[in-house]
Structures are given as structure tokens and as C-alpha cells.
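Participant: Encoded as C-alpha cells, here's the structure I'll be asking about.
The values are calculated or read from the model by the stated rules, or taken from the named source; none is laboratory data. Note that the structure is a prediction, hence the values are computed from the model and not measured. Virtual Cβ from ideal backbone geometry, glycine too; neighbours counted across all protein chains shown.
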Amino acid sequence: MASNFSVPTPLEYFAALVQEGQGETIALLEAAACIAHDAYPELDVQQFLDEMDRLQARLERRLPEGAEPLQRLNALNRFFYGELGFGANLNDYYAPDNSYLHQVLRTRRGIPISLAVLWLELAQGAGLKAHGVSFPGHFLVKVLLPGGQAVLDPITGHALSREALSERLEPFRQRLGAVQEEVPLGLYLQAASARDILARMLRNLKEIQRTRQDWRLLVAVQSRLVTLLPDAWEEWRDRGLAYAELGQPMQAVQDLETYLAHAQGAGDVLDVQRRIQALRGL
């Protein structure tokens, strides 16, 4: 009997991991790792996951029996930053590979959010109550400890004081022109959901590919964003614009019309309408 089984495309695989209704059951590590399929179609995600399992087993052997959370945190940071040598790719900070987890695992170099995803996987496996934090300008991690919470920079593992966090936040507040009531610091330190983390990773890649004018990979990134956040209509618009740059006017028009159908009151409606007319050759 012939089999009807077909191998899912990279986007179908990603969609199955992040489908609506999954909530925090999204397998963050796996979903984040498969983002690299667009640039590395031969990537074996299971091999990557197996390697992370081996690192988890190595870490567990370094944890003292009955270790308290703070002991576990210190052991994790010695392992991750000391023994394994993870850190920022300061020589090529905006390279796409810094967002591809299998490459970060191979080179031990990345950006805050990619390092954080790897660190969080090991932290949670070590029994720590750890979360990502979508802090403006620099992704952070936090760990809930018996005496409170520790907020850390995933580049170094160093804990950040309230004063240091407020200092990092100041440029963001100035850009917003927040001269009236300031948002309490604690609101910037809320735990990010898996969906939020994936969206931030993809939007980082979006800016990188747009700057590089790699329209094929930009369309791929936008397709993942549309899949992850189907009601984020600006992502449909941006995929349409990327399709236009790629020389695929029919797909561009479809996405731009989808945007217009949901963009009531948006300031760029006339511009998008003109772009659609140009793409149709009117």
C-alpha cells in the first residue's frame, strides 16, 4: 500500500510547533532552532537537540546533591560561561549566524537572545525557575530565588542591580519622551512568553536581512512571523514589500491587500494602495 506520508516543509514544521492555542507549551528551543532551516536547509534539528541534552547531562554531574537554587545558578554560570566559553560575537555582532542556534552552539558566540535561549534550556533542566525578559534594547534573563529574583545579562551571566537596569532603560525612556509618569521598572522585567521570544528573534533577523537586502531570506523570515503572529498585519505588509523586491508581484499584492483589509486608520494606507497599483502595472 502506498504511503501518503510527506515530509513537512520547514515552514510547516515551524507552524506545527507554534500553532495557536499552544500557549506556553511551545517547545521554545526546538522552534527557535528550526528558524535556521531557511539558511541551512540541511540542518538536523534533532542532532542539535541531542547535543543540548548532552550538555544538560554534563551540567547535572556538576551540581552538588541537594544544591540550593543559588548554588545551581552559580554552577550553571561557571559551566556555561567558564567551561563552555559562551559569549557575545563582538567581531560580527550583526551576522545572521548569531541568531541560528546550531551555529551559536558550535561557535559559542551569539547575541543576547540566542545565548539566552540556550542558557534558559540548561537553567530549566537544572531545576531553576528561569525566564526570558524582553527588556528594551537588550534581552535579559531572570531567575526566581528564595530571597527574590536575580536579573542577569545573558552575554556574561552577571547579575544586574536596579540601578544598572534603570541606567540601561534611560535611553529608551528618552526616545519615548517619557516626561510624565514613568513606567515602573518591574513592568519591563516581566517574563516573556515563548511566542514573544520567537517574535523578537525573528524581528532581529528581519532587520539584518533587510539591511543586507537578502529578499529571499527576508521573505522566509516574514513568513515565519506571519505564521507566529497571524494578526500582526504589519508583518503581512512587510512580507508583501519583500515579495515585491524579490520580483514576485502576485504574492506581493495578495499580502498588501490583506494588510489593507485590516489596516483601517493606518498612516500608510495611501502609500500601500499606490504600491499595489504599481505592482499591477496600472
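Here is a yes/no grid of residues against (1) in the same structural domain as Glu121 (by TED's automatic domain parsing); (2) among the basic types (Lys, Arg); (3) not in a strand (DSSP E or B):
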| residue | (1), (2), (3) |
| --- | --- |
| His138 | yes, no, yes |
| Lys142 | yes, yes, no |
| Pro154 | yes, no, yes |
| Arg168 | yes, yes, yes |
| Gln174 | yes, no, yes |
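Participant: For region 187-206: of the residues being within 11 Å of the chain's Cα centre (by Cα) and small (Gly, Ala, Ser), which is nearest to Ile35 (Cα to Cα)?
Facilitator: Ala199
Participant: Name, by its number, the condition in (1) exposed (fewer than 15 other Cβ atoms within 10 Å of the Cβ); (2) not assigned by TED's automatic domain parsing to the domain that holds Tyr93 that does not hold for Ser161.
Facilitator: (2)
Participant: May I ask you to list the residues in region 194-221 that are among the acidic types (Asp, Glu) and in a helix (DSSP H, G or I)?
Facilitator: Matches in region 194-221: Asp196, Glu207.
Participant: Just for region 28-84: of the residues that are assigned to a loop (DSSP other than H, G, I, E, B) and among the small types (Gly, Ala, Ser), which one is modelled with the lowest pLDDT?
Facilitator: The selected residue is Gly66.
Participant: Let me ask something else about it. Counting only residues that are small (Gly, Ala, Ser) and modelled with pLDDT under 95, which one in region 113-160 is farthest from the chain's Cα centre (by Cα)?
Facilitator: Gly147
Participant: Being among the aromatic types (Phe, Trp, Tyr) and either surrounded by fewer than 16 Cβ atoms within 10 Å (Cβ to Cβ) or within 30 Å of Pro154 (Cα to Cα) (or both): is that true of Tyr243 here?
Facilitator: Numbers: among the aromatic types (Phe, Trp, Tyr): yes; either surrounded by fewer than 16 Cβ atoms within 10 Å (Cβ to Cβ) or within 30 Å of Pro154 (Cα to Cα) (or both): no.
No, not satisfied.
Participant: Does at least one position in region 78-88 carry a residue that is surrounded by fewer than 19 Cβ atoms within 10 Å (Cβ to Cβ), assigned by TED's automatic domain parsing to the domain that holds Thr156, touching a strand residue (DSSP E or B) at 6+ places or on another chain (Cβ under 9 Å) and touching a residue at least 40 places away in the same chain (Cβ under 8 Å)?
Facilitator: The answer is yes, given that some residue of region 78-88 is surrounded by fewer than 19 Cβ atoms within 10 Å (Cβ to Cβ), assigned by TED's automatic domain parsing to the domain that holds Thr156, touching a strand residue (DSSP E or B) at 6+ places or on another chain (Cβ under 9 Å) and touching a residue at least 40 places away in the same chain (Cβ under 8 Å).
Participant: Still on this structure, please answer the following. Given the options Leu105, Leu122, name the one that is of a type in the set (A, V, I, L, M, F, W, C), in contact with a Leu (Cβ under 7 Å, 6 or more places away or on another chain), in contact (Cβ under 8 Å) with a residue 60 or more places away in the chain and in a helix (DSSP H, G or I).
Facilitator: Among Leu105, Leu122, only Leu122 is of a type in the set (A, V, I, L, M, F, W, C), in contact with a Leu (Cβ under 7 Å, 6 or more places away or on another chain), in contact (Cβ under 8 Å) with a residue 60 or more places away in the chain and in a helix (DSSP H, G or I).
Participant: Same structure again: Identify, from the list Ala263, Ala194, Ala199, Ala232, the residue that is surrounded by 13 or more Cβ atoms within 10 Å (Cβ to Cβ), touching a residue at least 60 places away in the same chain (Cβ under 8 Å) and either assigned by TED's automatic domain parsing to the domain that holds Phe14 or aliphatic (A, V, I, L, M) (or both). Steps first, answer last, please.
Facilitator: Numbers: Ala263 fails: touching a residue at least 60 places away in the same chain (Cβ under 8 Å); Ala199 fails: touching a residue at least 60 places away in the same chain (Cβ under 8 Å); Ala232 fails: touching a residue at least 60 places away in the same chain (Cβ under 8 Å).
Matching residue, one of Ala263, Ala194, Ala199, Ala232: Ala194.
Participant: So is Leu270 surrounded by 17 or more Cβ atoms within 10 Å (Cβ to Cβ) and of a type outside the set (Phe, Trp, Tyr) or not?
Facilitator: For Leu270, the condition - surrounded by 17 or more Cβ atoms within 10 Å (Cβ to Cβ) and of a type outside the set (Phe, Trp, Tyr) - is not met.
Participant: Take the residues in region 178-227 that are among the β-branched types (Val, Ile, Thr) and touching a Lys or Arg at 6+ places or on another chain (Cβ under 7 Å), then tell me which one is nearest to Val18 (Cα to Cα). Lay out the reasoning, then the answer.
Facilitator: From region 178-227, those among the β-branched types (Val, Ile, Thr) are 179, 183, 197, 208, 211, 219, 221, 226-227; that's our starting set.
Then drop every residue that is not touching a Lys or Arg at 6+ places or on another chain (Cβ under 7 Å), which leaves 219, 221, 226.
Working: Val219: 18, Val221: 15, Val226: 11 Å.
So the residue we want is Val226.
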